[in-house]
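Before any comments, here is the structure.
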Amino acid sequence: VQLVESGGGLVQAGGSLKLSCAASGSTFSINAMGWYRGQQRELVAAITSDGDITNYADSVKGRFTISLDRAKNTMYLQMNGLKPEDTAVYYCAYAEPHGYVYWGQGTQVTVSS
């Protein structure tokens with residue numbers, strides 16, 4: 001599985017960005033996906049492969065929305081109400097049930113105050 005993120009950039013506080021994570025290769029064994037940020041790979045949001053269950057870090061609840069377009073094999077993170085503390089490199093990840101995780105290369109999000 002190969003993952004490519006896009007959509008990062010520079011935005012003013014209060015603004016919005018939408019990140020995309022395009023997957024290629026064999027994704028049939030993937031059961032969960034997520035967005036992480038920073039060197040510590042803090043979990044931002046996660047979603048099951050059927051899109052039924054989502055989970056968010058408390059710091060982004062009500063501002064960020066994770067979604068899937070299975071026809072396009074793409075995962076999204078809509079980020080509204082951005083704050084300077086949201087500044088980080090954002091990574092997407094796809095996980096298999098036995099624990100193996102595929103990572104994207106990351107996309108920089110910078111929020112100016």
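The values are calculated or read from the model by the stated rules, or taken from the named source; none is laboratory data. Nothing here was measured: the structure is a model prediction, and the numbers come from that model. Cβ: placed from backbone, ideal geometry, glycine included. Neighbour counts: every protein chain shown. For the accessible areas, the whole protein counts, side chains as well, though only heavy atoms, and no ligand, DNA or RNA atoms are used. Shrake-Rupley method; radii C 1.70, N 1.55, O 1.52, S 1.80 Å.
Can you tell me the mean projection area, over all orientations, of the convex hull of segment 60-113's alpha carbons? Units nm², please.
4.8
Kirkwood hydrodynamic radius for segment 16-58: how many Å is it when counted over pairs of different Cα atoms? Let's see the in-between values first.
On the way: mean 1/r = 0.0845 Å⁻¹.
It is 11.8 Å.
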### Summary
Using a 1.4 Å probe on heavy atoms of the protein chains only, the accessible area for D50 in Å², nearest 10, reads 70
### Query
Per-residue accessible area for V111 at 1.4 Å probe radius, Å² rounded to 10?
10
### Query
When the solvent-accessible surface of protein heavy atoms is calculated with a 1.4 angstrom probe, in what order do D52, D69 fall, highest first?
D52, D69
## Note on the structure
Exposed-loop cut sites defined as chymotrypsin sites (Phe, Trp or Tyr not before Pro) in DSSP loop states with at most 16 other Cβ within 10 angstrom; longest site-free run of the chain spans 29-99
### Among T54, V111, Q2 the positive-end extreme of the charge dipole of the chain (Cβ point charges)
V111
### Query
Leaving out ligands, DNA and RNA, what percent of the accessible area of segment 1-111 is carbon and sulfur, probe 1.4 Å?
50
#### Entry: Over the chain: Kirkwood hydrodynamic radius from C-alpha pairwise inverse distances, Å
13.9
### Message
Below 8 Å between Cα atoms, with a sequence gap of 6+, how large is the relative contact order for the chain in percent?
### Response
37
### Query
What accessible surface, in Å², does a 1.4 Å probe find on T27, ignoring ligands, DNA and RNA and rounding to the nearest 10?
30
### Query
Between K61 and N31, what length comes free when the chain is fully extended (0.36 nm per residue of separation minus the Cα-Cα distance, one decimal in nm)?
8.6 nm
### Query
Which length gain, in nm to one decimal place, applies between V101 and L43 when the Cα-Cα distance is subtracted from 0.36 nm times their residue separation?
19.5 nm
